[in-house]
Each structure stands twice: as structure tokens, then as C-alpha cells.
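Please read the structure below before turning to the comments.
The values are calculated or read from the model by the stated rules, or taken from the named source; none is laboratory data. Predicted, not measured: the structure shown is a model, and the values here were computed from it. Using ideal geometry, Cβ is built from the backbone for each residue, glycine included, and neighbour counts are taken over all protein chains shown. These accessible areas exclude ligands, DNA and RNA; they are computed on the full protein's heavy atoms, side chains included. Shrake-Rupley method; radii C 1.70, N 1.55, O 1.52, S 1.80 Å.
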Amino acid sequence: MLMRLKNNLNEISHMCDDIEQFCQDNAIPQAKTHDILLIIDELVTNVINYAYPQDEEHEFFLYMDKVDDLVHIKIVDSGIAFDPLAKTDPNTALSLEERQIGGLGIFLVKRLSEEVKYSRIDDKNQLYIKVSLSLTDTEENDGN
């Protein structure tokens with residue numbers, strides 16, 4: 001699946017509908033559909049909010065494919081160079097008052113993914129994510 005998106009937050013609801021349909025068409029368990037939606041929502045929201053100057057309209061791309069027991073996701077934008085994986089993971093052992101603001105979204109993406117890689121090719125940010133469709137014991141026990 002290929003989606004062309006604009007850097008506008010209004011795109012997210014339509015995008016989520018298309019992703020849910022993709023997951024349904026590919027018999028992806030509900031628990032994994034939820035994970036995929038969380039991952040993509042976080043990453044696309046970051047592109048929309050931070051990759052481009054606020055007053056300019058731009059287009060970026062989301063690719064999804066199911067191969068065996070994995071969903072492959074690729075997000076490509078021509079915005080400001082930014083490697084979300086370069087930032088150190090937040091210390092979740094600290095209290096909320098002690099933690100720095102931000103960083104939890106990318107941390108969550110990494111926790112829910114099998115693999116996350118970033119590259120900058122031809123002045124484009126390219127983020128690759130693989131999500132395993134194998135259910136954990138907790139997900140299986142939840143009936144998902």
C-alpha cells in the first residue's frame with residue numbers, strides 16, 4: 001500500500017481508516033493493528049509537525065506491506081534532516097517531574113517494533129519499521 005500524505009493533521013483520520021482496512025484485508029490481529037496505528041500515528045504526526053516550515057504545504061509518503069509474519073512500513077519525507085533514533089531513550093525509571101519533556105513517542109515506536117532504521121538518501125528522511133505479527137502471551141490471553 002502506498003499513501004501520499006500532506007503535512008496537515010487532518011490527514012491522520014483518513015490515513016488511520018486506510019491502515020485499519022489494510023490490516024483487516026491482511027487478517028492482522030486487532031492487538032497488532034493497534035500497535036501499527038500507534039507507531040504510524042506517532043511518526044506521521046512528527047513529520048507533519050516538525051519536518052517542514054508551518055506555512056508551506058508538502059507531500060510525503062507512507063508505504064506498507066505484509067511479508068510473512070511482518071508488516072514493513074516506510075515513511076519518506078523531504079523535510080529537515082532528522083534521525084529520530086539518534087536521541088537517547090528517556091529514563092522511564094525517573095518520576096514525571098524529573099523526566100525531560102518529549103522522547104516518549106519514539107521510545108514507544110522502538111518498543112512496539114521488531115526493527116527501526118533511519119537513513120537520509122537524496123535529501124529525504126527514510127524511516128523503516130518492521131512490526132512482528134506474532135502475538136505475545138499477554139495479547140493471546142486478551143483474546144486478540
Problem - Selection from region 59-81 of residues that are open to solvent by less than 10 Å² (accessible area, probe 1.4 Å) and closer than 19 Å to Glu115 by Cβ - result: Leu62, Met64, Val71, Ile73, Ile75
Practice task
Please work out if Leu9 is closer than 23 Å to Leu133 by Cβ, at pLDDT 90 or above, of a type outside the set (Asp, Glu) and open to solvent by 60 Å² or more (accessible area, probe 1.4 Å).
Solution key: no
Handout entry: Residue ID - modelled with the highest pLDDT, chosen from residues in region 44-58 that are crowded, with 17+ Cβ neighbours inside 10 Å and in contact with a helix residue (DSSP H, G or I) (Cβ under 8 Å, 6 or more places away or on another chain)
Key = Val44
Exercise for the section: Identify the single condition in (1) assigned to a loop (DSSP other than H, G, I, E, B); (2) out of contact with any helix residue (DSSP H, G or I) (no Cβ under 9 Å at 6 or more places or on another chain); (3) modelled with pLDDT of 95 or more; (4) not aromatic (Phe, Trp, Tyr) that Ile28 does not satisfy, given that it satisfies every other one. Expected result: (2)
Problem - Tabulated pairs, region 1-29, first under 27 Å from Gly79 (Cα atoms), second outside any strand (DSSP E or B) and among the hydroxyl-bearing types (Ser, Thr, Tyr), C-beta under 8 angstrom, 6+ apart or interchain - result: Asn7/Tyr52; Leu9/Thr45; Ile12/Thr45; Ile19/Thr33; Glu20/Thr33
Fill in the blank from the handout: When Asp41 is run through (1) in a helix (DSSP H, G or I); (2) open to solvent by less than 30 Å² (accessible area, probe 1.4 Å), the failure sits at (2)
